[in-house]
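Worksheet for the structure shown next.
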Amino acid sequence: MKRILLSLTLLLAFAATQLQAQERYLDPSFDVQVTENVVYGENLEVLTGAPVLIDLVMDVYEPQGDTEERRPLVIMAHAGSFLPKGLNTLPFGNRRDSTNIEMCREFAARGYVCASIDYRLGWNPLAPTQEARAISIIQATYRASQDMVTAVRYFAQDGATDNTYRTDSTRVIVAGNNSGGYMALTAAYLNRPEELELFKFLDSNGDPFVDTEFQGNMDGTGGNPAVHNYSNQGYSTDIHMVLNLGGAIGDLFWIDDTDEAALVSFQEVNNPLTPYGTAVVIVTSTGDPIIEVSGGGAIHPHITDENLGLNDALISATFDDPYTEGAQAAAMELGTPYQEGLYSITSPMFFYDPWAWYDPSDPNIDNTTPGASGSGSAANPFNTPESARIYIDTVMGYFTPRACVQLGLPCGANFTSTKEVVQNADRLSVFPNPAGEQFWLTSKQADQLIQGFDLYNLHGQLISRVDGLNDQQVRIDVPHLSPGMYLVNVRFEDGIVPTKVMLR
């Protein structure tokens with residue numbers, strides 16, 4: 001029997017190994033360069049009442065020194081409740097929010113081009129009736145989503161002409177945080193006129209909240225030029241994948257068998273502002289109802305139940321990493337089947353944008369709630385840069401392997417069915433479980449010895465990797481680890497056995 005004490009030495013040794021084994025699109029391998037204040041289009045904003053033509057502006061993050069001729073593209077939209085930062089009484093709300101900067105840097109460091117976009121804002125949360133509020137927010141979401149599609153066209157035009165950013169218009173991801181997530185879902189899946197003619201989107205006169213003859217189509221065509229401008233005309237609007245961080249969609253009917261973009265969602269189960277399932281969203285300051293929408297906890301079962309096939313490539317792949325196991329464990333905790341592409345945030349605390357933190361000098365930061373970090377909003381007073389980055393690491397660790405598969409990137413070969421995962425029913429035991437400061441891994445088959453293991457926390461962070469064991473029983477001492485669930489990938493000669501251990 002071998003005894004393993006997980007130590008700093010082991011962690012440092014593994015870190016050195018990792019530096020030699022980085023893979024493009026999965027691991028951060030590049031320094032990042034940023035081009036700021038790029039104008040990607042023009043359109044008419046109604047924030048002040050009368051339509052005013054404004055520049056649509058973004059910052060573009062690229063892998064520095066990269067020689068690839070075509071790189072996959074991520075277009076990232078910020079949170080902020082479709083109101084300007086400050087006016088929304090929040091310490092966030094533009095393209096330079098912490099989440100956007102950090103995630104775009106993470107994508108660019110892996111070889112993607114990532115654009116953090118500003119977009120048209122404005123709606124009236126204090127409108128006197130539910131109908132007026134619903135019309136206002138649906139129109140705001142629609143305008144903002146048109147801007148996201150404008151950015152898609154901008155890069156398609158650039159790729160076909162100047163090729164400044166060397167993006168691949170056949171590998172486009174739209175992503176967004178909270179209200180940005182609403183945008184990404186709308187931009188990808190709202191593609192038929194009848195989707196805007198559901199009863200919930202008609203006013204008391206039977207007229208649609210969004211009149212495409214007046215406000216233009218989602219692809220930028222049509223509309224009254226007094227309120228809608230078509231930028232980057234005639235170029236591709238194709239979207240191939242969606243990364244939804246805490247957003248929701250106007251109606252499940254919008255996602256149907258005419259859609260093709262794969263979906264990955266990170267959804268907070270206990271967020272009362274954006275529903276995990278299907279519910280009516282409210283005005284935060286007043287509690288007044290706005291309109292019923294559906295979050296990832298409803299969207300992903302809908303994709304499965306309706307056999308829409310959007311995530312079929314992901315379902316066919318083999319993801320045996322700790323991030324996937326974390327998503328599976330979250331589904332188990334909720335008592336629901338795991339839906340491929342859905343990572344549920346199950347903390348009992350109220351988390352609003354747990355992947356974000358804010359400027360401590362912002363007047364809208366939360367400094368009054370007992371225990372507030374000084375980097376959190378009133379909706380999430382305890383967030384810190386450190387905790388937010390852990391969530392961003394989890395987002396990247398769960399999402400990027402799926403992007404490799406869905407977009408047909410070279411790293412996709414890592415996740416084919418050739419990776420052998422051994423069923424553990426008759427192979428491995430973990431004892432005791434729950435455990436205290438130590439536990440044992442035991443092979444139940446004398447001819448199948450344990451070769452090594454990887455130990456992760458539920459955020460997908462590697463605690464340690466151990467190789468060269470070749471033993472039937474391994475004792476692991478973990479006196480320094482915090483209580484909670486941990487994931488263990490145990491390696492045998494013929495494959496990997498994933499298992500879990502609870503530390504008390």
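Annotations for the structure displayed:
- Inter-label distance, nm, simple model (7 Å from Cα along the C-beta direction), THR161/ALA132: 4.3
- Spacing of the two label points (7 Å from each Cα toward its C-beta) at SER361 and ILE282, in nm: 3.6
- Size of charge dipole - segment 289-369 - debye, nearest 20, with Cβ of Lys, Arg +1 and Asp, Glu -1, no other charges: 120
- Over segment 268-368, equivalent-ellipsoid semi-axes from the Cα gyration tensor in Å: 29, 19, 12
- Kirkwood-based Rg to Rh ratio, segment 201-240, C-alpha trace: 1.09
- The order of the peptides 283-296, 213-226 by mean Cβ neighbours within 10 Å, most packed first, is 283-296, 213-226.
- Taking the Kirkwood radius as Rh and the Cα radius of gyration as Rg, segment 104-146 has a ratio of Rg/Rh equal to 1.28.
- As a ratio to 2.2 N^0.38 Å, the alpha-carbon radius of gyration computed for segment 242-309 takes the value 1.14.
- Furthest towards positive pole of dipole, ALA79, ILE101, PRO208, structure part the chain, Cβ charges: ILE101
- Scattering from the chain was approximated by placing one identical point on each alpha carbon and applying the Debye formula without solvent; log10 I(q)/I(0) at 0.06, 0.07, 0.10, 0.11 1/Å stands at -0.29, -0.39, -0.79, -0.94.
- Assigned charges on the beta-carbon of Lys, Arg, Asp, Glu; the chain dipole about Cα centre (debye): 1340
- Spatial extent of segment 52-119: Rg and Dmax, with the Cα atoms as the point set, Å: 13.6, 43
- Per-residue [θ]222 nm for the chain (sum of -39500 (n - 2.57) over DSSP H runs n ≥ 4, rounded to 500): -7500 deg cm²/dmol
- Charge dipole of segment 265-362 about the Cα centre (unit charges at C-beta), most positive-ward option of ILE282, ASN271, THR336: ILE282
- Considering segment 316-455 at the alpha-carbon level, its Rg and Dmax are found to be 19.8, 65 Å.
- Per-residue HN-Hα couplings for segment 306-318 [Karplus 6.51, -1.76, 1.60; θ = phi - 60°; Hz; x = Gly/Pro]: 8, 6, 6, x, 4, 9, 4, 5, 6, 5, 6, 7, 10
- Ligands, DNA and RNA are left out, and with a 1.4 angstrom probe the accessible area of the chain is 40 Å² per residue.
- Each of SER316 and HIS480 was given a label point 7 Å from its Cα along the Cα-to-Cβ line. The distance between the two points is 4.5 nm.
- Ordering of 484-495, 391-402 by burial proxy (mean other Cβ atoms within 10 Å per residue, highest first): 391-402, 484-495
- Here the Karplus relation 6.51 cos²θ - 1.76 cosθ + 1.60, evaluated at θ = phi - 60°, turns the backbone of segment 332-337 into coupling constants of 4, 4, 7, x, 10, x Hz, with x for every Gly and Pro.
- Estimated FRET transfer efficiency when R0 is 60 angstrom, pair MET502-ASN205 (beta carbons, to 0.05): 0.55
- Amide proton proximity set for TYR230, modelled H, under 5 Å, gap of 5+: none
- Judged by the gyration tensor of its Cα atoms, with axes a ≥ b ≥ c, segment 178-248 is oblate; a/c meets the 1.5 cut and b/c is at least as large as a/b.
- Cα-centred dipole magnitude for segment 292-421, charges only on beta-carbon of K, R (+1) and D, E (-1), debye, nearest 20: 160
- Across the options ALA262, ALA327, ILE345, the greatest Cα extent toward the positive end of the charge dipole of segment 241-396 (unit charges at beta carbon of Lys, Arg, Asp, Glu) belongs to ILE345.
- By the Kirkwood approach, averaging reciprocal distances over each pair of separate Cα atoms, segment 30-86 gets a hydrodynamic radius of 14.1 Å.
- Considering only the chain, percent of DSSP beta bridges that pair antiparallel, nearest 5: 65
- Stokes-Einstein, applied to the Kirkwood radius of segment 117-187 over Cα pairs at a viscosity of 1.567 mPa s and 4 °C, places its translational diffusion at 96 µm² s⁻¹.
- Over segment 204-352, the alpha carbon radius of gyration divided by the compact-protein estimate 2.2 N^0.38 Å works out to 1.22.
The values are calculated or read from the model by the stated rules, or taken from the named source; none is laboratory data. All figures in this text were calculated on a predicted structure; none of them were measured in a lab. So basically every Cβ, Gly included, is an ideal-geometry build from the backbone, and we count neighbours across all protein chains shown. These accessible areas exclude ligands, DNA and RNA; they are computed on the full protein's heavy atoms, side chains included. Shrake-Rupley method; radii C 1.70, N 1.55, O 1.52, S 1.80 Å.
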